[in-house]
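Shown next, in structure tokens, is the structure this report addresses.
Computed from the coordinates by the stated procedures, all read-outs in this text should not be read as laboratory data. Quick caveat, the model's predicted, so the values are computed rather than measured. All Cβ positions, glycine included, derive from the backbone under ideal geometry; neighbour counts span all protein chains shown.
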Amino acid sequence: MNVLITLIGYGEAGRTFAQSAGWGAECCVYDLKPLAAHYAKDGVHGCDTSADAIADSAHVISVVTADQALIAAYDAAKHIPTGALYFDMNSVAPETKREAAIAIAAAGGCYVDVAVMSPVNPNRLKVPLLISGPHALIGKDALEALGFSNVRIVGDDIGRASTIKMLRSVMYKGVEALTAECLIACERAGVTEEVLGSFGNDWSSSADYRIDRMMVHGVRRAAEMIEVVKTLEALGVAALMTRGSAERQAQIGNLGITAPPEGLDAKLKRLKNL
């Protein structure tokens, strides 16, 4: 089998990319979870080890949780073919990506720092991707050949793309955590409608979306925010708010609500005892 693409991780991002691009049998997948039913449905080739998944690949795309990103890179470095492109799409600190890049480069691979700048759904292959590093140009061409249509180079330095992503998350995921904290308190006090009304007409729907994402992805978002803390501290900025955001994201994610109820009121009822 002449494998062209390897996906390390087959969660929402990996599966969305494989389905949207129709990679099918050209794609080998390795994930720590048993996902045979998903592999069969999508027509991809599931592998029991990363060695099997990577051995013949020209393009390796890593889309794992933030706490597994460096582990995945070290493991991939043991098997990556010389000259293969390693796209690190994980939401981690620039220093974490530089460590991963050293391991991949030492093994003969070509590391590309990739920042995924919005949820993969509904954008799918149109999701904005920022890339950086010495192999950014060839990486951009390869990603576009694989079907991605919104790729932009932001520099030659590994870590620049991830820095942009991390600092954006201070605000983006911090607002999610603040929204949840505010509305949990509002629900207890019985003033939710009044407070939401004071923000403007669009806040109810946006709050519903933010809390939905925290319920489904809070654990993964918390791991990302820990990497954001590292980014801030490396820049000499105290991560006072971001540490709290990580804690709140984890608290809601750990509730295990994989199918959030419809509507903001129903979601707040599930959170009111936090």
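Projecting the Cα atoms of 80, 120, 131 onto the charge dipole of the range 5-157 (Cβ charges, centred on the Cα centre) puts 120 farthest toward the positive pole.
Between helix 203-234 and the chain there is an angle of about 60 degrees, using the helix long axis and the longest principal axis of the Cα atoms.
DSSP beta bridges fully contained in the chain are about 15 percent antiparallel.
Using C-alpha pairs below 8 Å separated by at least 6 residues, the relative contact order for the range 125-267 is 22 percent.
Extension gain residue 258-residue 74, at 0.36 nm per residue separation less the Cα-Cα distance, in nm? Don't skip to the answer; put the middle values down first.
Numbers: separation 184, 0.36 × 184 = 66.24 nm, distance 3.03 nm.
Residue separation times 0.36 nm, minus the Cα-Cα distance, leaves 63.2 nm.
For the chain, the number of Lys pairs separated by eight or more positions or lying on different chains, with C-alpha atoms closer than 25 Å, is 21. Of the trypsin sites (Lys or Arg not before Pro) found in the range 65-119, those in coil by DSSP whose Cβ has at most 12 other Cβ atoms within 10 Å are 78.
Entry note, the chain: relative contact order of 14 percent, from Cα contacts under 8 Å with a spacing of 6+ residues.
With only Lys, Arg, Asp and Glu charged, each at its Cβ (+1 for the first two, -1 for the last two), find how big the charge dipole of the chain is about the Cα centre; round to the nearest 20 debye. All intermediate terms of the calculation are to be shown ahead of the outcome.
Numbers: 26 positive and 31 negative charges, 68 e Å.
Dipole of the chain, to the nearest 20 debye: 320 debye.
What size of dipole, in debye to the nearest 20, comes out for the range 162-271 about its Cα centre when the only charges are +1 on Lys and Arg C-beta atoms and -1 on Asp and Glu C-beta atoms? Mind dumping the intermediate values first?
Numbers: 14 positive and 14 negative charges, 88 e Å.
In debye, rounded to 20, the range 162-271 gives about 420.
Of the residues 241, 211, 266, the one whose Cα sits farthest towards the positive end of the charge dipole of the range 207-274 is 266 (charges of +1 on Lys and Arg Cβ, -1 on Asp and Glu Cβ, taken about the Cα centre).
Across the range 6-11, coupling constants 3J(HN,Hα) worked out from phi with the 6.51/-1.76/1.60 Karplus curve, θ = phi - 60°, read 10, 10, 9, x, 10, x Hz, and Gly and Pro carry x.
For the pair residue 235 and residue 171, label points projected 7 Å from Cα toward Cβ lie 1.1 nm apart. Where does the chain land at 222 nm, in deg cm²/dmol rounded to the nearest 500, when only DSSP H runs of n ≥ 4 count, each adding -39500 (n - 2.57), divided by all residues? Mean residue ellipticity at 222 nm (helix-derived): -17000 deg cm²/dmol.
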